[in-house]
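Everything below concerns the one structure shown next.
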Amino acid sequence: MSEKGIQSTVFEDDAFVPVPESERHGWWKTSFVWAGSSICVPVIMIGAMLIAGLNMAEMIIATIIGSAILSVIFCLQGMEGTDTGLPTAIVARSAFGKEGAAVLISLALATTLVSWAGYDAQVAGESFLQILALNDVTFNREATIIILGLIMLTVSIVGEKFITKLNLVAVPALILLCIYGIVSCWGMVDIVALFTAEPPDPISLIEGITLVVGAQAVGSTIAPDYHRFCRNRKESCLAILVGIPPYLLFLMFAGAIMGSATGESDITMVIANLGIPIIGLIVLVLATWTTMATDAYTGGLAITSLLHLRGTKRALATAIAGICGILLALFGIMDYFSTFLDLMASCIPPIAGVMIADYWILKKGKPENWHETKGVNWLGIISVALGVVAALFVPFGIPTINGVVVALVAYLILMSVAGKTVLAGPQE
């Protein structure tokens, strides 16, 4: 591993070289990145939606099972990033080939994450306006989204260290807000009824698990982007186990209690109804900021790879990703792209299935066996396509898991038929 540092200044100097031991940190910092990604407006809203379709006991079971499934994918992807010290866009070159990863896979990741950054910017801007309107204060929508979006983008441009510091502030703040919401709403709901009563719009337990898994399906695929900074595999997995399941369970519970008490799934209106609009506004913007920071940063890494830029141009690519997201927010991405974002939540995880098969099965999980493959490995691309078909059209099971499993198995079969199951291969 190269001993050249990737961050000799405030910015990451080169995002595409292995992170040296001197710049790695403890598991708790990475856990805060995922906690910040989990503690966001959409996840709380999912809790409010789940309690309308499941009783509280079923919702807790769905969250535990969904979190366990996510943790497996997160850990396998994260440990590959820890072993190699490289981000997803580079790690994927082994399974998909250098050009395949740079063009096809990076394009899928960049498109999805830029869209999510736009979603985050729109949520922040419109939540800001909505709460101010309740206090008879008005601002221009476009100006609000641009200003907030650019402010939130700055952390992503600087890099992973500043994203971690942001989460150290934002995560405790939103936890305190949710605790306040739970306490305020506790006397307004019949807790026993939530555990036993028939929900108003019943859904199956599998549908509930699907919602939970979908909340972090894309995040599990891009885990190497952040786990390359972990010291070892143990700390990489610990960061997931502390940063994902506890927060998802807490947020689902908080969303369920507040949603049941107020009759709202829109967290902005929930906070307004609790009588703390200004404090709530600040915390909501912080929560959205942590999510946008993660999405824009990873989108920037994907764009760097897509455009065949050097790793030293990561900050510029991140700025491009964030600005494109802000432009999408101005056009109301939430109103037009919700179906697209749901689609991509099914399309991205099969990438993880192929990467897991390539590294953990064919290459035995040994970093010395990892290598860049030349050109395009079409067997990896075909496997992802089959996984996407399974995620979208298999009428049973959990779509995300269907996609991951089918892509994984298809890759192993295709590589075996093609006689490409050897550990080593052509390198750049």
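Quick look at the values:
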{"quantity": "Degrees, to the nearest 10: 205-215 long Cα axis against longest axis of the chain", "calculated": "70"}
{"quantity": "Nearest-ten-degree value, helix 56-84 long axis tilted from longest Cα axis of the chain", "calculated": "30"}
{"quantity": "Order of Tyr180, Tyr297 - criterion: other Cβ atoms within 10 Å of each residue's Cβ, fewest first", "calculated": "Tyr180, Tyr297"}
{"quantity": "Trp360/Arg231 FRET efficiency (R0 22 Å; Cβ-Cβ; nearest 0.05)", "calculated": "0.65"}
{"quantity": "Listed pairs Lys165/Lys234; Lys161/Lys313; Lys313/Lys363 exceeding 24 Å between Cα atoms", "calculated": "Lys313/Lys363"}
{"quantity": "In degrees, nearest ten, helix 245-262 long axis to first principal axis of the chain (Cα)", "calculated": "30"}
{"quantity": "Highest-first arrangement of 406-414, 43-51, where packing means the average Cβ count within 10 Å", "calculated": "43-51, 406-414"}
{"quantity": "Whole-angstrom gap from the range 42-69 to the range 97-166, using each part's C-alpha centre", "calculated": "26"}
{"quantity": "Peptide ranges 284-294, 23-33 listed from the most packed, as the mean C-beta count within 10 angstrom indicates", "calculated": "284-294, 23-33"}
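Where a number appears in this text, it was derived from the coordinates with a stated rule and is not lab data. For clarity, every value in this text was computed on a predicted model and none was experimentally measured. As a convention, Cβ positions derive from the backbone with ideal geometry for all residues, glycine included, and neighbour counts pool all protein chains shown.
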